[in-house]
Structures are given as structure tokens and as C-alpha cells.
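Participant: I'd like to ask some things about the structure below.
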Amino acid sequence: MTQPAIVKAKIHSVRPVAVGHFEMLLESSQLAAADPGQFVHVRTPGTLRRPISFSRLDRVHGRAGILWQVVGAGTGWLSQQPTGGRLDVLGPLGRGFPAPEADRPWCLIGGGVGIPPLFAALQIWGDSVRAPITAVLGARRGDLLVMVDDFRNRIGDVQVTTDDGSQGGQGTVLGPLAHWRARHPNGQIYACGPTPMLAEVAQLCRGVERVYLALEQRMGCGVGACLACVVLAQGKQGPEWRRVCHDGPVFAAKELVW
Amino acid sequence: MVKPVNLEVAVGTVRLANPVLAASGTFGFGPEYAGLANLARLGGIAAKGVSPHPWPGNPPPRVWETESGLLNSIGLQNPGVEAFCREYLPFLARAGTRVVVNVIGRTVDEYCRVVERLEAEAAVDAIELNISCPNIKEGGLSFGQDPVHAAEVTAAVRAVTQRPLWVKLSPNVTEPERIAEAVAAAGADALTAINTVLGMAIDLKRRRPALGGLSGGLSGPAIKPIALRVVYQVAQTVGIPVIGIGGIRTAEDVAEFMMAGASAVMVGTATFSDPSTMERIIEDLPGCLQRLGAKSPSDLIGAALPGRP
């Protein structure tokens, strides 16, 4: 595992990838060695850094991607950083996804800006999984969908849903997931997206052994010191708060209390 | 060329290699930042508050960024003093810096039980009482809101320890000097000023207070003027040392707090953005002192107080 450090990474490129969404490639073999599901804490002019998951990990060229939605001043500033400049990032941080089992059908469920870490997982582990791989990618509208072509370049079975039906099937990722789960009772499921979506994924996949969820939460330090970004998990003596930044952001669905 | 400067300061009987300590609640229990900061360079570390038994803390969201500040409502989550002594204190003892243990409780007895348990631990250099906790006996009003209750908890803890006893003042009172006087008379060896300032944020999308705990404590540069004013007032009122805290990010900020009467400072929120903040401040201090015409940090203490040349 790569030890977290402050990295002043050179910005290889920044580009818009959907309405209000940007992807940046950072030149850093240290970051490129991260596990899918891990994140960087990006320094912005504000009081706090911004946690952003890796969208791609190119270990050959030593480049790591991050993809975000502009929601405020910090992410707005980030989207205006020039190519060739340097970005102060702290990482790689947290516990990422475990490697998938090679012979279990694998389903990647991404909602909105939760899609990117699943692509990083596909990029790193896709070739090692011999069983069929499916991706179900959803967003509110078609113009908010990210990385669909990246998935399609790697696997055949990519299903898209939008709340308004402007791209793919109308509805949420849960419909296609329910079908997939019925066909693959021994499958493994990796998901990332808004917390209500992950709660439904956990509910729908109850009893499935390998379900892993990448969570988001308002975060402070990013290294486990401030205890801000907690989530309720099953402890030895009942429910207890765990740190999304340090104990997660990836948790097995069965660890969590909803 | 900046000459090497001895940055040592004293807070009562506690000698610090330099005046910069990590603030309680922002630096965990020590190990969390060990890979990112050189702990041995720091003047000291104030560990996160510990209670007699584990406290679960508040529901998330627990932090919310504001203009030049940070609101938090962590709810003093901690594993309890026993787990602290077993799992974290041995690490802090080897960190090569001063160890300050922040103590929390909901009754006078709870504070005393934590401090009594710490008596067995040689690694503790000072106790910092967080008197901003709600006092159950008084219907949840914090100990630090009232001179009588602030003095009561200070005197009770004083009776069970000879260790240096620092009391962390709340700014959420009309006259912090009255609280300062009361706890100094009750046996405090030093004061930390200030704890966070009460505040709130609203989440527009949810139409609710942004924090799970509804209101929270504001920290960061937004509260530096409030903290400076409290340090300035308190330093004139009591004869014991004051440790300044509130929005410090630079060596110049440290100098301001010292001129206002602080003998040392704590850095908190700035560490989240840049974990090397404290080391950078310590590196910058000699140059800053030179520019200000001071030979040592102690030269600055109280320089801005009335009656000083």
C-alpha cells in the first residue's frame, strides 16, 4: 500500500466531461499506484481540502485521474487550474475496494459522480476477472453522465439509466441491478453513488456475500484525526461510528448499519 | 541571513522547545498525522478530549466549511481514558514532544475520574480541562459559562493532581475575564483561550441546519480577532500564563497572540488544509522575530498590553 503524502502533482490535463463535471489527470506514479476506491484530499483556497476519488489509475504512464462535479467555490477553483500547473494533494488516502474474485460475475453500479471510482476498479482489475462483467451507470439526466464511453471501450455489457429517460432506460440503476442479481446469485457487486442509492443497493443485495460500497461524507482532516466523516457500522458491542476517510471510504455492505 | 534563535518558552513549569502546540481535537491522538508531520519538532501536542467512558459523538454531518472558518459538531467522540492510556499514550510518550491531555466530563466527578486515572501515567506533561462541556447537574449549561461552576470543577481537579493544570476558556460568555479570574483562584496553572465560537449553518437544499448536531463550534481565521481580544483581556486580569488559540496560520499570527499576552499558542484548523503548518510556523519564527526586533519569543509576550513601552 502506498503511504499517504503531500504530493505537489503536475497537472497533465483538465477537461469538461459532462455538464458541470471535470476530469483532471495528475502526473504522479505515487498516486497512480493507489488502490481503486482510494481518494486524494485536494488543497483549495478554502478552509478544508476536497476529497475526490480516483477516476483512473494509469500505472504505465504514472498518471492518476480525478473527476468531480462543481458544487461550490472549491470545486469551481479546481476546474480552472491550468495544464502544467501544480496541485497540492494529500494521498492516496483511505481503504479502497478489495480485488474482485476472478470467477464471480462482477457488477459495477455507479450513480452520478460516484461512477469514477468504479472505472478505476475496472481499469485495474477488469482483465483478471474471467466471469462476465456488467456496469450499470445512472444519472439524473443524460448530460450529467460521465465515463460511459470509457466503460464501453472495455466491456460489452454497459447499461445506462437516467431519471428523466434522456439517455438509456428511464429510472434508476436499481432496476437493472435487481435483474442482474436475480441472474447472478453468486455475483459480486461494487457500488458508489449518493448515500440513499447505496442504502437501496445494500437492501436489494442483502444476503449477497460480496457487496462493497464506496461512501461519501462531509470530511475534515482526511487522515482519521478529527472524526468528522463518520458512518454507522456494526461494532462488537452494537453500532459504532467509523471514519469514512480512514476505515473507508469502501465498506462491505454487511459492515454498515442503515 | 536569519541567526539561529532559541525558541524555548515556558508555560509555568512546563518548558516547551518552541511556542507552537497542536490544538486538541484537530490532531487526533497523535499517530494520525505521524506520517505527514514531524511530531518531535512541535512544542507539544494536546490530545483529543478524553472522558471516563467512551463517548459516541454526534450524528453527521459533523463539519461544514464557512467563510474563512470551519463549523464542527463532532460531539467529543472518544474511546474513554482507559483505551486512551492503553492504545495512544504510549505512542505520544515516544513522540519526542510535550504531551497535554485534554479532559472532558459531564459532571465534576467525571472530570476528576479522568484526571485520577492519568495520575498513573508518567508521559502526561499537563492536563487541559475543557470546561465547555454541558454540565448535566445544571441542565446542560456548560461549566465554562459561569464563574462558580468553572471554579468548582477546577478546584476539584486541582485537589486530585499536582500536574500542571490548564483550563480552556469558552468565548461564548459576556466577560471571559470573570471566568479566568475564578479558575485562576481555584488553582489553574495556565489558561487556554479560546475554545470554538458557537455558530450555525443552514443547508439550503435540505432546508435544515447543516450540522447533525444542529449548532456547532466555529474555528479558523474567522475567529482570530475574537481570540486575540479574549487573550488581551484575560492576560491583563490574571497572573498565570495564557496559551493563545484561534485561527493561527502563520508566524506573524503567533507574534500577534504573544504580543496580546500569550506565552505559547495552539494551531488547529490550519492543520487540516496543510498538515505541515506548525512546522512551517516554527521554521518562520526566527525570521519573524528578527523583523520585529525581538531576540526571543519571550520578548514579545504582552508587548501590546497597556503600560508596556
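Participant: What about A:Gln188, is it away from chain B (no Cβ under 14 Å), open to solvent by 60 Å² or more (accessible area, probe 1.4 Å) and of a type outside the set (Asp, Glu)?
Facilitator: In short, no.
Participant: Run down A:Leu137, A:Leu87 and say which single residue is closer than 20 Å to A:Val42 by Cβ and outside any helix (DSSP H, G or I).
Facilitator: Testing whether each residue is closer than 20 Å to A:Val42 by Cβ and outside any helix (DSSP H, G or I) leaves just A:Leu87.
Participant: Look at B:Pro59 and say whether it is within 13 Å of chain A (Cβ to nearest Cβ), surrounded by fewer than 23 Cβ atoms within 10 Å (Cβ to Cβ), of a type outside the set (Val, Ile, Thr) and in contact with a Pro (Cβ under 9 Å, 6 or more places away or on another chain).
Facilitator: No: the conditions fail for B:Pro59.
Participant: Let me ask something else about it. Which one is surrounded by the most Cβ atoms within 10 Å (Cβ to Cβ) among residues in the range B:67-82 that are at the interface with chain A (Cβ under 8 Å from one of its Cβ atoms) and touching a strand residue (DSSP E or B) at 6+ places or on another chain (Cβ under 7 Å)?
Facilitator: B:Leu70
Participant: Consider B:Val265 carefully, then state whether it is part of a helix (DSSP H, G or I), within 23 Å of B:Val183 (Cβ to Cβ) and open to solvent by less than 70 Å² (accessible area, probe 1.4 Å).
Facilitator: no
Participant: Does the range A:1-9 contain at least one residue that is away from chain B (no Cβ under 14 Å), open to solvent by 40 Å² or more (accessible area, probe 1.4 Å) and not in a loop (DSSP other than H, G, I, E, B)?
Facilitator: No - not one qualifying residue is present in the range A:1-9.
Participant: Of all residues in the range A:46-60, how many are without any contact (Cβ under 8 Å) to a residue 24 or more places away in the chain and out of contact with any strand residue (DSSP E or B) (no Cβ under 7 Å at 6 or more places or on another chain)?
Facilitator: Qualifying residue count for the region: 1.
Participant: Taking A:Met147 as the residue in question, decide whether it is open to solvent by 20 Å² or more (accessible area, probe 1.4 Å) and closer than 20 Å to A:Phe39 by Cβ.
Facilitator: Considered against the rule, which asks whether it is open to solvent by 20 Å² or more (accessible area, probe 1.4 Å) and closer than 20 Å to A:Phe39 by Cβ, A:Met147 comes out as no.
Participant: Here are some residues: A:Ala202, A:Ala233, A:Ala191. Which one is in contact (Cβ under 8 Å) with a residue 60 or more places away in the chain, hydrophobic (A, V, I, L, M, F, W, C) and touching a helix residue (DSSP H, G or I) at 6+ places or on another chain (Cβ under 9 Å)?
Facilitator: Residue meeting the stated conditions: A:Ala191.
Participant: Hey, among A:Pro92, A:Pro116, A:Pro105, A:Pro98, which residue is buried (at least 16 other Cβ atoms within 10 Å of the Cβ) and within 14 Å of chain B (Cβ to nearest Cβ)?
Facilitator: Sole residue among the options that is buried (at least 16 other Cβ atoms within 10 Å of the Cβ) and within 14 Å of chain B (Cβ to nearest Cβ): A:Pro92.
Participant: What are the residues in the range B:287-309 that are open to solvent by less than 20 Å² (accessible area, probe 1.4 Å) and part of a helix (DSSP H, G or I), if any?
Facilitator: Selection gives B:Gly287, B:Cys288, B:Leu289, B:Pro297, B:Leu300.
Participant: Condition first: within 14 Å of chain A (Cβ to nearest Cβ) and either farther than 30 Å from A:Lys8 by Cα or crowded, with 21+ Cβ neighbours inside 10 Å (or both). Now tell me which residues in the range B:237-262 satisfy that.
Facilitator: B:Gly246, B:Gly247, B:Ile248
Participant: Does A:Gly126 qualify as being more than 14 Å from chain B (Cβ to nearest Cβ) and touching a strand residue (DSSP E or B) at 6+ places or on another chain (Cβ under 8 Å)?
Facilitator: Yes.
Participant: Working carefully through the options A:Ile124, A:Ile155, A:Ile109, find the one that is at pLDDT 95 or above, assigned to a strand (DSSP E or B) and of a type in the set (A, V, I, L, M).
Facilitator: Just a single option satisfies the conditions, and that option is A:Ile109.
Participant: So, one more: Does B:Arg86 count as part of a loop (DSSP other than H, G, I, E, B), closer than 22 Å to A:Gly238 by Cβ and more than 9 Å from every other protein chain (Cβ to nearest Cβ)?
Facilitator: When the stated conditions are applied, B:Arg86 does not pass them.
Participant: What are the pairs, 6+ residues apart or on separate chains, where a residue within the range A:91-118 that is charged (D, E, K, R) has its Cβ under 7 Å from a residue that is outside any strand (DSSP E or B)?
Facilitator: Short answer, once both residue conditions are applied: A:Arg95/A:Asp247; A:Arg95/A:Gly248; A:Asp103/A:Arg130; A:Asp103/A:Ala131; A:Arg104/A:Ala131; A:Arg104/A:Asn186; A:Arg104/A:Gly187.
Participant: Scan the range A:198-222 residue by residue and report those that are open to solvent by less than 10 Å² (accessible area, probe 1.4 Å) and within 14 Å of chain B (Cβ to nearest Cβ).
Facilitator: Residues satisfying the conditions are A:Gly220, A:Cys221, A:Gly222.
Participant: Say we look at the range A:29-47 and pick out the residues that are crowded, with 23+ Cβ neighbours inside 10 Å and assigned to a loop (DSSP other than H, G, I, E, B); which of these is farthest from the other protein chains (Cβ to nearest Cβ)?
Facilitator: Among residues in the range A:29-47 that are crowded, with 23+ Cβ neighbours inside 10 Å and assigned to a loop (DSSP other than H, G, I, E, B), the one farthest from the other protein chains (Cβ to nearest Cβ) is A:Pro36.
Participant: Okay, next question. Among the residues in the range A:48-63, are any of a type in the set (Gly, Ala, Ser), surrounded by fewer than 21 Cβ atoms within 10 Å (Cβ to Cβ) and within 17 Å of the chain's Cα centre (by Cα)?
Facilitator: Within the range A:48-63 (the criterion being of a type in the set (Gly, Ala, Ser), surrounded by fewer than 21 Cβ atoms within 10 Å (Cβ to Cβ) and within 17 Å of the chain's Cα centre (by Cα)), the answer is no, since none of the residues qualifies.
Participant: While we're on this one: Here are the criteria: (1) out of contact with any His (no Cβ under 9 Å at 6 or more places or on another chain); (2) within 12 Å of chain B (Cβ to nearest Cβ); (3) not hydroxyl-bearing (Ser, Thr, Tyr). Tell me which single one A:Ala64 does not satisfy.
Facilitator: (2)
The values are calculated or read from the model by the stated rules, or taken from the named source; none is laboratory data. Model, not experiment: these values are computed from the prediction. In this analysis, Cβ positions are derived from the backbone assuming ideal geometry, glycine residues included, and neighbour counts consider all displayed protein chains. SASA here: full protein model, heavy atoms, side chains in, ligands and nucleic acids out. Shrake-Rupley method; radii C 1.70, N 1.55, O 1.52, S 1.80 Å.
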